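**Student:** Supplied in structure tokens, the structure appears directly below.
The values are calculated or read from the model by the stated rules, or taken from the named source; none is laboratory data. These numbers come from a predicted model, not from an experiment. Cβ atoms come from the backbone with ideal geometry, glycine included; neighbour counts cover every protein chain shown. Quick note on the areas: whole protein, heavy atoms, side chains included, nothing else; ligands and nucleic acids left out. Shrake-Rupley method; radii C 1.70, N 1.55, O 1.52, S 1.80 Å.
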Amino acid sequence: MTITRADIEAAYARIAPHIRRTPVMTLGGAFGHKGLVSLKLEFLQHAGSFKSRGAFNTLLSNPVPATGVAAASGGNHGAAVAYAAQQLGVKARIFVPDISSPAKVAVIRSHGAEVVIGGARYADAQEACDAYVAETGALRIHPFAAESTMIGQGTVGLEWEQDGPALDTVLVAVGGGGLISGIASWWAGRVKVVGVEPEGSRALHAALQAGGPVDVDVDSAAADSLGARNTGDLVYSICSRTVDHVALVKDEAIRAAQALLWRDYRIATEPGGAAALAALVSEAYMPRLNERVGVLLCGANVELIKLAQLTHI
């Protein structure tokens, strides 16, 4: 499987009327790095994360049956599908696991989708979703292991390159791997793409080590967004050729990055949204002296009570 820059450009033309072109913040001497740091503020996207790009691309690329669309999600994908479906006048049913953040479930419901809660982990929600799709014929929108999802997420890279400075490396948080598959396809061979996963949720790291997708245990503060047990063959096929490596970060580093973003920039991010920055701040990724580093801040659906506890508001 190969995703081309032309595929991503075509997707951008398709979805541009429906998404936000999120800003880029360029800093010098920030986060302990003396070189340039470029932050892509994708948490400002509709429904609070990059996921709206893939959701719109899938809906606009496929015929939608009368039974509507269905998705399994830890929260952000479901919110994005619900938002996109609402904007396009399509019925949506979202399956979420018990671990989903109440804040994210509330966002899904606010966009008019039906929410089905059940199962301990994301994989349980996906099983329930697949059964519903088989029964009703609804269009399934997979959060990461689908070509249209990956291509839609790749438009983050297109915007970033057009609006930001030239970069040597970009740091991208990884859950199931759809986002990094799209971004790495956009920058393949031109910019080093580094994945970032929590130590307790390392599906892509494990796949790259094993030479193929493997199941992993998931136990992380970021599990509701970075909690896939297995990347699947499609993500592995792309990332094994386009991703330089995966840096692992501790949950403590993720929380510290969340607190830093709020303290210094008044940016409220969920754990998964701060994971890429955690790699830079904790030195899980150590750039060269003058390396130009991009950091994707990808999700803002945080429970404010938990953020307050971290930041002592």
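**Student:** Starting from the Cα of E114, step 7 Å toward the Cβ, then list every residue of region 51-78 with an amide N under 18 Å from that point.
**Tutor:** Zone members listed by number: 64-73, 78.
**Student:** Separate question: Apply 1/(1 + (r/R0)^6) to the Cβ-Cβ distance of L88 and Q209, taking R0 = 45 Å, and write down the FRET efficiency to the nearest 0.05. Numbers along the way, then the final one.
**Tutor:** Working: r = 40 Å, r/R0 = 0.89.
Efficiency, from the Cβ-Cβ distance: 0.65.
**Student:** If you don't mind, there's one more thing I want to ask. Going by Cα centres, region 66-97 and region 246-304 are how many Å apart?
**Tutor:** Distance between centres, Cα-based: 28 Å.
**Student:** Filter K40/K104; K91/K250; K104/K250; K192/K306; K104/K192; K34/K250 down to the pairs with a C-alpha to C-alpha distance above 30 Å, please. Let's see the in-between values first.
**Tutor:** Numbers: K40/K104 22 Å; K91/K250 39 Å; K104/K250 23 Å; K192/K306 33 Å; K104/K192 32 Å; K34/K250 23 Å.
Violating the 30 Å Cα-Cα cut-off are K91/K250; K192/K306; K104/K192.
**Student:** More than 14 angstrom separation, counting every C-alpha pair in region 222-263; what % is that? Intermediate values should be presented prior to the final figure.
**Tutor:** Working: 566 of 861 pairs.
For region 222-263, the fraction of Cα-Cα distances above 14 Å is 66 percent.
**Student:** In addition: Relative contact order for the chain using alpha-carbon pairs under 8 Å, separation at least 6, rounded to a whole percent?
**Tutor:** Numbers: 748 pairs, mean separation 65.6, N = 313.
Reported as a whole number, the value is 21 percent.
**Student:** Semi-axes of region 1-124's equivalent ellipsoid from the Cα gyration tensor, sqrt of 5 times each eigenvalue, largest first, rounded to whole Å? Before the final figure, lay out each step's value.
**Tutor:** Working: eigenvalues 159, 84, 35 Å².
Ellipsoid half-lengths, sorted descending, are 28, 21, 13 Å.
**Student:** Now for a separate question. For region 166-295, what log10 I(q)/I(0) values come out of the Debye formula at q = 0.11, 0.19, 0.20, 0.23 1/Å, with one point per alpha carbon and no solvent?
**Tutor:** For region 166-295, the Cα-only Debye profile gives -0.34, -1.01, -1.11, -1.37.
**Student:** Please give the peptides 70-76, 216-222 ranked by average Cβ packing (other Cβ atoms within 10 Å per residue), highest first, as a rough proxy for protection. Please report the intermediate quantities before stating the final value.
**Tutor:** Values: 70-76: 29.4, 216-222: 19.6.
Result, highest mean first: 70-76, 216-222.
**Student:** Tell me what the chain gives for mean residue ellipticity at 222 nm when only DSSP H runs of n ≥ 4 count, each as -39,500 (n - 2.57), the sum divided by the residue total, rounded to 500 deg cm²/dmol.
**Tutor:** Numbers: 13 runs with 138 residues, N = 313.
Mean residue ellipticity, 222 nm, calculated: -13000 deg cm²/dmol.
**Student:** Which parts of region 147-172 would a label at R241 reach, counting a residue when its backbone N lies under 15 Å from a point 7 Å out along Cα-to-Cβ?
**Tutor:** Correct set: 147, 151.
**Student:** With every protein chain present, what is the per residue accessible area of region 1-68 (1.4 Å probe, Å²)?
**Tutor:** Values: 2780 Å² over 68 residues.
Roughly 41 Å² per residue, with all protein chains present.
**Student:** For the chain, set up a Gaussian network in which alpha carbons nearer than 10 Å are linked by springs, and say which option among G32, G157, G195 fluctuates the most.
**Tutor:** Maximum fluctuation in the GNM of the chain, among the listed residues, is at G32.
**Student:** Now, a different point. Which whole-number percent is the relative contact order of region 246-313 (Cα, under 8 Å, 6+ apart)?
**Tutor:** Numbers: 80 pairs, mean separation 25.6, N = 68.
Dividing the mean separation by the residue count of region 246-313 yields 38 percent.
**Student:** Still on this model: Along region 218-231, what does the Karplus equation 6.51 cos²θ - 1.76 cosθ + 1.60 (θ = phi - 60°) give for ³J(HN,Hα), rounded to whole Hz, x for Gly and Pro?
**Tutor:** 10, 8, 8, 5, 9, 5, 6, 10, 10, x, 6, 7, 8, 6
**Student:** How much accessible area per residue does region 175-238 have, counting only protein heavy atoms and a probe of 1.4 Å, in square angstrom?
**Tutor:** It amounts to 32 Å² per residue over region 175-238.
**Student:** For region 265-313, what is the accessible area per residue in Å², given a 1.4 Å probe and the full set of protein chains? Walk me through the numbers on the way to the answer.
**Tutor:** Values: 2240 Å² over 49 residues.
Averaged over the residues of region 265-313, the accessible area is 46 Å².
**Student:** If you don't mind, there's one more thing I want to ask. Mind giving me the FRET efficiency for T26 and E127? R0 is 51 Å, r the Cβ-Cβ distance, nearest 0.05 is fine. Could you put the intermediate results ahead of the total?
**Tutor:** Values: r = 43 Å, r/R0 = 0.85.
It comes to 0.70.
**Student:** I'd like the carbon and sulfur percentage of the solvent accessible area for the chain, probe radius 1.4 Å, heavy atoms only, ligands and nucleic acids excluded.
**Tutor:** Numbers: 5920 of 11780 Å².
Roughly 50 percent of what the probe reaches on the chain is carbon or sulfur.
**Student:** While we're looking at this one, here's another question. Taking H placed 1.01 Å from N in the peptide plane, check which residues at least 5 places from A113 or on another chain put their amide H under 5 Å from its amide H.
**Tutor:** none
**Student:** Which translational diffusion coefficient, to the nearest whole µm²/s, is obtained for region 237-313 from the Stokes-Einstein equation, given a Kirkwood hydrodynamic radius over C-alpha pairs, 20 °C and 1.002 mPa s?
**Tutor:** Once the numbers are plugged in, D ends up at 161 µm²/s.
**Student:** How big is D for the chain, in µm² s⁻¹ as a whole number, if Stokes-Einstein is applied with the Kirkwood radius of its Cα pairs at 20 °C and 1.002 mPa s? Write out the running numbers ahead of the final one.
**Tutor:** Working: Rh = 18.9 Å.
Approximately 114 µm²/s, per Stokes-Einstein.
**Student:** Just to compare against my own numbers: the Cα pair-distance distribution for region 155-215, 10 Å bins, whole % per bin, please.
**Tutor:** Result returned by the calculation: 22, 50, 23, 5.
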